[in-house]
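No lab work stands behind these numbers, since they all come straight from the coordinates. Note that this is a predicted model, so its numbers are computed, not measured. In this analysis, Cβ positions are derived from the backbone assuming ideal geometry, glycine residues included, and neighbour counts consider all displayed protein chains.
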Amino acid sequence: GAVVSQHPSWVICKSGTSVKIECRSLDFQATTMFWYRQFPKQSLMLMATSNEGSKATYEQGVEKDKFLINHASLTLSTLTVTSAHPEDSSFYICSADPILAGGGNEQFFGPGTRLTVL
Amino acid sequence: RKEVEQDPGPFNVPEGATVAFNCTYSNSASQSFFWYRQDCRKEPKLLMSVYSSGNEDGRFTAQLNRASQYISLLIRDSKLSDSATYLCAVNFNNAGNMLTFGGGTRLMVKP
């Protein structure tokens with residue numbers, strides 16, 4: 001149980017293109033999903049908290065107009081990198097927080113999306 | 001000071017060795033603690049939660065020291081397959097369930 005999928009797994013695009021990444025919880029519901037970014041040899045940096053049915057909460061320094069988040073259902077959140085530039089090239093990982101009675105706050109991660117912007 | 005800190009390593013150990021990592025956190029009100037394992041170019045996978053009483057899962061033992069604000073991970077009888085980056089994660093606020101990750105400690109187990 002607690003499987004999270006991401007699509008696409010990797011994408012290469014030209015500068016100026018917008019890229020949409022999907023994060024799905026396959027066997028559980030999640031009111032909250034998280035989006036992280038990880039640059040080579042660095043740790044995960046939280047970009048934003050995605051809340052079902054409401055606006056995402058962005059971390060300091062993350063532009064909400066550049067990284068659009070939509071959490072339309074309890075099993076799907078999307079991150080759109082608008083007008084991507086080479087400096088946006090990174091490993092984007094989502095995680096989901098299951099709705100569990102007495103849950104232990106674990107997050108389950110998707111396999112990540114590797115974005116390369118040329 | 002970072003909220004969650006780890007020695008980046010790498011820790012180079014021979015097979016069969018025992019190795020321990022620590023992770024310090026700055027917020028004394030932290031509620032939940034976790035160890036994740038991340039392989040190169042892969043997503044983090046939950047290794048174990050860390051409970052106040054400490055917990056053990058096979059060769060892995062995790063402990064929490066609230067007084068000194070750190071958690072530890074002990075790996076006994078290291079295997080080659082244990083080579084990975086180990087990330088600690090701390091939840092500062094149960095209501096938000098947001099995790100803050102340390103920078104990770106890289107472990108390399110050599111034959």
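Odds and ends about this structure:
- Peptide B:42-54 is shielded by partner chain Cβ atoms: per residue, an average of 3 of them sit within 10 Å of its Cβ.
- Dimensionless Rg/Rh of the protein assembly as shown - Kirkwood Rh, Rg from C-alpha atoms: 0.97
- Sites matching trypsin sites (Lys or Arg not before Pro) across region B:3-49 that sit in DSSP coil, with at most 16 neighbouring C-beta atoms within 10 Å: B:Arg41, B:Lys42
- FRET efficiency, A:Glu87 to B:Asn12 (Cβ-Cβ, R0 30 Å, nearest 0.05): 0.35
- Taking chain B as a Gaussian network of alpha-carbon nodes connected by springs under 10 Å, the highest mean-square fluctuation of the residues B:Leu64, B:Leu80, B:Leu47 belongs to B:Leu80.
- Take every DSSP beta bridge whose two residues both sit in region A:4-118; close to 90 percent of them are antiparallel.
- Think of it this way: in chain B, B:Cys40 stand alone, with no other Cys Cβ under 4.7 Å.
- Taking chain A, the Cys residues with no second Cys beta-carbon under 4.7 angstrom are A:Cys13.
- When Rg and Dmax are taken over the Cα atoms of chain B, they come to 13.4, 45 Å.
- Converting the Cα gyration tensor eigenvalues of chain A into ellipsoid dimensions via √(5λ) gives semi-axes, longest first, of 24, 14, 13 Å.
- In the protein assembly as shown, the DSSP beta bridges split such that about 90 percent are antiparallel, to the nearest 5.
- Measuring nothing but how far apart in sequence close Cα pairs (under 8 Å, 6+ apart) lie, relative to its length, chain A scores a relative contact order of 37 percent.
- Choice from B:Ser78, B:Ser68, B:Ser26 showing the highest fluctuation, given a GNM over chain B with Cα pairs closer than 10 Å: B:Ser68
- Rounded to the nearest 20, the size of the Cβ-charge dipole of chain A about its Cα centre is 300 debye, with Lys and Arg at +1 and Asp and Glu at -1.
- Given charges at beta-carbon only (K, R positive; D, E negative), |dipole| of the protein assembly as shown in Debye: 400
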